[in-house]
Every structure is written in structure tokens, then in C-alpha cells.
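The values are calculated or read from the model by the stated rules, or taken from the named source; none is laboratory data. From a predicted model like this one, the values you see are computed outputs, not experimental measurements. No Cβ is skipped: glycine too gets one built from the backbone with ideal geometry, and neighbour counts run over all protein chains shown. Note: areas computed on protein heavy atoms with side chains; ligands, DNA, RNA excluded. Shrake-Rupley method; radii C 1.70, N 1.55, O 1.52, S 1.80 Å.
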Amino acid sequence: MYRYIGNKSKLTPYILDRIQQMIGDSGTVADIMAGTGMVSLELRKKGYKVVASDIMTYSYHHLNVNLCMKEPPKFNGLKDVIKDDLGCMYKSVLKYLNDIEAKKSFFYKEFSPEGEPRNGTSPRKYFTSENAMKIDAIREKINEWIDGNLIDKCEESLLKHTLIMAVNEVANISGTYGYFLSTFKKNSLNKLELKQVDFFEDNNDGHIIKLGFAENLAATIKADLCYIDPPYMKRQYAANYHILETIARGDFPDAVGKSGLRDWWDQHSKLCTKTRGLQSFEKIISDMQCSKFLISYSEDGLFTLEQLQECFSKFGKVTVQEIEYNRFKSNNSKLPQKLKEYLISVER
Ligand SMILES: C[S@@+](CC[C@H](N)C(=O)[O-])C[C@H]1O[C@@H](n2cnc3c(N)ncnc32)[C@H](O)[C@@H]1O
């Protein structure tokens, strides 16, 4: 369950169809705001070469799994640490981590009801104390293996990806990690469990994964088509998914304020601002070695369709496809049921 703001699980078929119309069945596609890495995975499955990036470290780990793995890695460095009782080191490593002794450390102190946040605020309830202690033990074991050179970069990404997916299942939140709920909801009372990832076997290799701002990376990327799925709203991803970022980085940041935010200014996105968002689009499109762009945007977004069309038309021919779909909304929401998503193509 990955309730990632703006994830494209429902819209991927439309995106893939449009990409196929624009460049055919093969070529290199850049997915430069890749988030969960879901669109990148579907592009890989269709046979495209993918160059994927995002500003968030958790996205980097998801992308490593979605684009670079075909089978479970061997975990050779752990053979002296973990007995392979299950005939597959990956399964044995997950069992070892699932059975690990819980530990009262950073997540317990900062994000559980029995904790005592360092900044003196009331305990936070993102996780039950048992789950927070489990996350602590797993995180610190992964760090120990990285420091001891016992796991390689792919194995690190796989373990962090798996831990993030497990954490999403038991987090006591309503959608994002911007804040926690005051009482524990049903799924958050379940025991955290690392589950095996499904691997996709193919011969489609050579994908590239980058971490950083699209504005800065654009000049280094060459592609037949660039898919841009920007933030639509003012909500910054770094603030709304701070806990996943902490798992991805494996660090112990200061948790600030009632919600325990890490310092996220280095991942502040201009695309979430009305004043600088359009400049960002312009920089990306003008710097990238690419002549075709496909941009997803929502009717609910910070910029109107007219503003986007005016901005993009400086670069070439602009075509808009409108897709209507059911909005996710709470029972008492006054917002209309239907929402329009735009797929805007720009051809230089
Ligand atoms: C709408 S989400 C993408 C969702 C993704 N397509 C999926 O299906 O999961 C927008 C993403 O843009 C990233 N982002 C925001 N500003 C960025 C920037 N300037 N450069 C690169 N990525 C950025 C966010 O971290 C977030 O993951």
C-alpha cells in the first residue's frame, strides 16, 4: 500500500499509450520525477531504456529495485553471518531481519507513544512501540552491514525498499507522514513484516538512475522522450514523506516540532511554488538533450492549463489530452467527484 501523492497507478496505461504514439515501441525514456518508480517499472516492462531520477533518496532505492533487478541478489557477504536455511539467501536474510530482537533507539524515542522526543514535545504516534523498536533494530542492522561492507549497493537498496514497503503497511497516518493520527488505526496495530519483492525477469538492461533536482540533471540526460510528473500542489514531498527519507538515508536526524520533521530544506522543490515553478519547467526543457516531452498535470494543480500551454509553447507544438477519473475524497468532501488529469505533449 503506497499512498504516494500523485502516484500514477491508475493513469499508467494512458501514459504508456501516449508514449508509444509519440516514439513507437522502443527508445530511451526519461522519468525525471519518478517517485515510487512505478511508471519506470512499466516502461522497463514495455522494453524502453529508462533514465530515472527524483530528489528523494527513497525513490532512488525504489528505482534501483524496479529498474536494475531481475532476481534476488546473492547476499554473499552475509553467508558467514546468516545460515541459509531457506535455500535462498534473500529469503533467509528477510527471515533473520523479521526475527531480529527489537531495540529501543531512534524510531522508538521519536515516533512511538512510549518515546520521549529529544525536543521535549509529547510522544508521537506514527508507529506502535513494538513496530518502532523493530524498525530501529532492522535499520541499525542494515547500517552495520553497510559499514562492514557485507552488502553491496543493490542489496542495500533492496533491503531499504522492502523496509519502506513494510513501514507503509503499519504507519498510523492518513495518507502522508505529514502528521500522525491521535489513536492507532487498525492496520497500524499489525506486526511489521518484511515481505519478498516480486522480481521482473527480462533482458532489458542498461537503465540509468540518478538522484537530484531535475533542473540540475537535465543537461546530463539524453532521451527520445522525457516524461515529467511534477508535484501539482504546494505540499512538499520531503516534508510529507520525511520518515521514509530517514529510512532511506539510514540516519538519525533532529526531529523537529510536533510532527518530528527532519530538516528538508535541501529537498525543497520549486515546482511546488507558484513563483518559481514555471521557470523550473523551462530550465528542464531547454537544458535536456531531448525533443519530445510528455507532462502529467492535474486540473487541481497550482498552474492553470493555459499557463502551462503558454510556457510550453515557447519550445514547440503543444497537444493536450484530457483524462477524467474519479477523485479520491472523504465522505464529507464538497469537491466534485470527477477530476481531470492532463497529458500535455511538447514536440520541438
Ligand atoms: C507526482 S510525484 C511522481 C509520482 C510518480 N510518477 C509515481 O507514480 O510514483 C512527483 C515527484 O517529483 C519529485 N520532485 C519534486 N520536485 C522535483 C525536482 N525539482 N526534481 C526532481 N524531482 C522532483 C517528488 O519528490 C515526487 O517524487
Cβ-derived FRET efficiency at R0 45 Å, Lys314 paired with Ser105, nearest 0.05: 0.30
Accessible surface, the chain, averaged per residue in Å² (probe 1.4 Å): 47
Set of aspartates and glutamates near Lys314 by C-alpha distance (under 12 Å), chain-local residues within fewer than 8 positions excluded: Glu282, Glu347
Cα centroid of region 13-75 to Cα centroid of region 164-202, whole Å: 23
Shape of region 72-198, Cα gyration tensor, a/c cut at 1.5: prolate
Top of Asn143, Asn119, Asn168 by mean-square fluctuation, Gaussian network on the chain, Cα under 10 Å: Asn119
Portion, in percent, of the accessible area of the chain that falls on carbon or sulfur, probe 1.4 Å: 49
Lys340/Ser174 FRET efficiency (R0 30 Å; Cβ-Cβ; nearest 0.05): 0.75
Nearest-0.05 FRET efficiency for Ile323 and Asp25, computed from C-beta distance (R0 22 Å): 0.50
Among Lys338, Lys91, Lys104, residue whose mean-square fluctuation peaks in a GNM of the chain (springs only between Cα atoms under 10 Å): Lys338
